[in-house]
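Colleague: Dumping the structure here so I can ask a few things about it.
The values are calculated or read from the model by the stated rules, or taken from the named source; none is laboratory data. Since the model is a prediction, treat every value here as computed from it, not as a measurement. Neighbour counts run over all protein chains shown; Cβ positions are idealised from the backbone, glycine included. These accessible areas exclude ligands, DNA and RNA; they are computed on the full protein's heavy atoms, side chains included. Shrake-Rupley method; radii C 1.70, N 1.55, O 1.52, S 1.80 Å.
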Amino acid sequence: MRKTSFGKAHSALSLLFLAIVIGCLFFQGVSPASGQTIVDEWSKVQAPKPPELKAVTLDPTGTALLVLDFVKQSCNAERRPRCLASIPHVQALLKLARSKGIFVVHSITTAATPSDILNDVAPLEEEPIVKSSADKFFKTDLEKILNDKGIKTVVVVGTAAHGAVLYTASQAAFRGLRTIIPVDGMSSENTYFEQYTAYHLANAPGVGQQTTLTKIDMIK
């Protein structure tokens, strides 16, 4: 019994000593590696494997194409040249969607007007336009517009990738809509913004399960 009691006391003292040592290290500005933040480890982070791009076949009767924020204030050579580079791809998708009777919805930023939409992707008279910040469901009729048309799938293209595309696509996924993202139809100021948007949409809880990444020429 004495040996057992002594052993317990020794273990307790050892744990107390270890706690004191760790506490002293913290007070001296030294912390274990697990205490490092993502900012501390920023330069060590390696990009994960790219998400898979998959072929997509759409049902025109239940699908909407969301064409987001292609306005002259942001989609221009000075601010976002990658957006201008995406326009031919988006224009081709828009032409395909219209030819198949797919419902098209456009959006503009809070600082824009419908006349600011670039001519190559400008809406037809019967195509609705919603106006909001990054999340196009926020304080707009977008959800009602889609519900009234019986939409179950949305294809989202636009700019910025890390703005309108990310937040609108995420909200569509949260609402249970199948969400299709052609990565060559979204654009940002730089490739990093587009990369983390693609990764987030493919992997985020509640979003990744509803989202498929693809390319415009992989959509039928």
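Colleague: For region 86-115, enumerate the residues that are in contact with a Pro (Cβ under 9 Å, 6 or more places away or on another chain) and of a type in the set (Lys, Arg).
Modeller: Within region 86-115, 100 is the sole residue that qualifies.
Colleague: Can you work out which of the residues in region 97-153 that are of a type in the set (Ser, Thr, Tyr) and part of a loop (DSSP other than H, G, I, E, B) is most open to solvent (accessible area, probe 1.4 Å)?
Modeller: By that ranking, first place goes to 110.
Colleague: Next question. Look at region 74-96 and say how many of its residues are in contact with a helix residue (DSSP H, G or I) (Cβ under 9 Å, 6 or more places away or on another chain), surrounded by 14 or more Cβ atoms within 10 Å (Cβ to Cβ) and farther than 19 Å from residue 155 by Cβ.
Modeller: Final tally of qualifying residues: 2.
Colleague: Taking into account only those residues within region 185-220 that are in contact with a strand residue (DSSP E or B) (Cβ under 9 Å, 6 or more places away or on another chain) and of a type in the set (Gly, Ala, Ser), which is surrounded by the most Cβ atoms within 10 Å (Cβ to Cβ)?
Modeller: 187
Colleague: Quick check, is residue 71 within 13 Å of residue 155 (Cβ to Cβ), out of contact with any Leu (no Cβ under 6 Å at 6 or more places or on another chain), of a type in the set (A, V, I, L, M) and at pLDDT 95 or above?
Modeller: no
Colleague: Only residues that are loosely packed, with under 11 Cβ neighbours inside 10 Å and either out of contact with any helix residue (DSSP H, G or I) (no Cβ under 8 Å at 6 or more places or on another chain) or among the hydrophobic types (A, V, I, L, M, F, W, C) (or both): list them for region 36-51, please.
Modeller: 37, 38, 39, 41, 42, 43, 44, 45, 46, 47, 49
Colleague: Also, I was wondering about something else. Since residue 161 meets every condition but one in (1) farther than 15 Å from residue 63 by Cα; (2) surrounded by fewer than 21 Cβ atoms within 10 Å (Cβ to Cβ), which condition does it not meet?
Modeller: The number of the failed condition is (2).
Colleague: Here is a follow-up. From the list 93, 146, exactly one residue is closer than 23 Å to residue 76 by Cβ and of a type outside the set (Val, Ile, Thr). Which is it?
Modeller: It is 93.
Colleague: Among the numbered criteria (1) open to solvent by less than 10 Å² (accessible area, probe 1.4 Å); (2) assigned to a strand (DSSP E or B), which one does residue 168 miss?
Modeller: Residue 168 satisfies all of (1) open to solvent by less than 10 Å² (accessible area, probe 1.4 Å); (2) assigned to a strand (DSSP E or B) except (2).
Colleague: Give the number of residues within region 175-220 that are part of a helix (DSSP H, G or I) and in contact with a Phe, Trp or Tyr (Cβ under 9 Å, 6 or more places away or on another chain).
Modeller: So the count comes out to 1.
Colleague: Could you run through region 65-90 and say how many residues are of a type in the set (S, T, N, Q) and either without any contact (Cβ under 8 Å) to a residue 24 or more places away in the chain or closer than 11 Å to residue 107 by Cα (or both)?
Modeller: 1
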